[in-house]
Amino acid sequence: MATGMRIESYHPWVLFLYFTAMLVFTFWFQQPVFLTLSLACALMVNGFLFRSGMRKQLLCAIVPGTIVFLWFALFCRFGETVLWGSFWGNPVTAEGLIYSGTLWVRVTAGVLWCSGLFRLVPVDKIVGLLGRGMPHLSLYITILLRLVPRMGARWQGIRSARSCLGIAKSGRELLGTESMVLTWALDSLGATARSMTCRGYSLRRRTSYSDRFLGHGDWVLLVGQCWGLVVLLCGWALNQTRAWYNPVLIVNKITPLSGVFYAAYLLFALLPLELELVSVFRRRRDRRHITWSLERRITG
């Protein structure tokens with residue numbers, strides 16, 4: 001009996017395409033309605049798929065967005081409608097505040113989409129996907145990812161050893177520890193590069209093994225994503241996704257055609273949520289069917 005596939009069971013390339021498209025649309029589309037839908041859908045998708053740690057995730061997304069908002073609102077000069085003058089001689093404009101607000105939405109939604117990407121498609125899967133097409137890049141990413149935790153462990157070991165020797169904590173001692181860790185990291189990178197050269201990583205026509213293949217559900221989802229991308233690109237070509245904030249605020253009027261593209265963007269952005277709901281409905285249907293079959297056998 002066919003059961004619904006959970007979002008994690010789809011091929012990593014399909015999920016990577018979806019999140020990459022949402023990141024591109026979030027930072028590319030400037031129309032306020034699209035930006036609002038991006039942020040709302042990012043909150044809904046992350047809240048539904050990853051209920052644990054949502055507060056921490058949201059805080060990590062709001063902080064960089066707030067920093068960008070304050071920087072552009074207070075220190076960048078553009079727009080004509082002056083609201084008030086600041087004490088550093090840079091007046092705050094209405095266009096600047098609105099544009100800074102759109103940047104806050106973009107950065108916050110972008111961090112949430114990146115968080116969802118790395119939770120559904122971990123770094124090891126991304127490295128594995130890159131290994132077939134770009135083996136050198138995959139190798140470098142793997143080396144760096146392995147080096148970072150080793151540097152932290154080495155730093156802790158050096159600090160503990162120097163503390164046992166009675167060396168007092170000071171700025172000079174901290175600088176010396178950082179220098180030792182950096183020297184060890186450079187030596188480790190050189191040793192790793194020589195080791196991989198001996199293993200033949202730089203040879204041409206290298207092959208890679210992959211245990212993931214595109215199934216029927218992956219192809220269906222991929223075709224749906226391609227159609228969604230085509231519709232949204234048509235909306236961009238028809239000037240439905242653009243807005244101007246400098247020197248004056250210019251936003252195109254919302255028409256019935258705009259509603260079509262808003263609906264298409266909403267359906268595309270909520271794709272993981274829709275897949276999860278379909279999976280839940282199919283599991284409930286299969287459970288009812290199994291229960292009905294058992295009752296029929298018992299009574300028959």
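Using a simple spin-label model with points 7 Å from Cα along the Cα→Cβ vector, what separation in nm is obtained for Thr20 and Val223?
For the pair Thr20/Val223, the computed spacing is 2.2 nm.
Note down the Stokes-Einstein diffusion coefficient of the range 135-198 in µm²/s, whole number, using a Kirkwood radius over alpha carbon pairs, 20 °C, and 1.002 mPa s.
The calculation lands on 163 µm²/s.
So between Ser188 and Val63, what do we pick up on full extension, going 0.36 nm a residue minus the alpha carbon distance?
On the way: separation 125, 0.36 × 125 = 45.00 nm, distance 3.49 nm.
Taking 0.36 nm per residue and subtracting the Cα distance, the gain is 41.5 nm.
Among 226-239, 95-108, how do they line up from the highest to the lowest mean number of other beta-carbon atoms within 10 Å?
The peptides rank, most packed first, as 95-108, 226-239.
With labels modelled as points extended 7 Å from the Cα through the Cβ direction, what inter-label distance (nm, one decimal) is found for Leu70 paired with Ser52?
Between Leu70 and Ser52, the label points sit 3.3 nm apart.
If R₀ is 45 angstrom, what is the calculated FRET efficiency for the pair Leu233 and Leu174, using the beta carbon separation as r and rounding to 0.05? Display every interim value, and only then the final one.
Values: r = 52 Å, r/R0 = 1.16.
That pair, Leu233 with Leu174, gives E of 0.30.
Fully extended, how many nm does the chain gain between Val260 and Cys164 (0.36 nm per residue separation, minus their Cα-Cα distance)?
Full extension from Val260 to Cys164 adds 27.7 nm.
All of the numbers you see were taken from the coordinates with simple rules; none came from a lab. Note that the structure is predicted; figures quoted are calculated from it, not measured. Note that we place each Cβ from the backbone using ideal geometry, even for glycine, and neighbour counts take in every protein chain shown.
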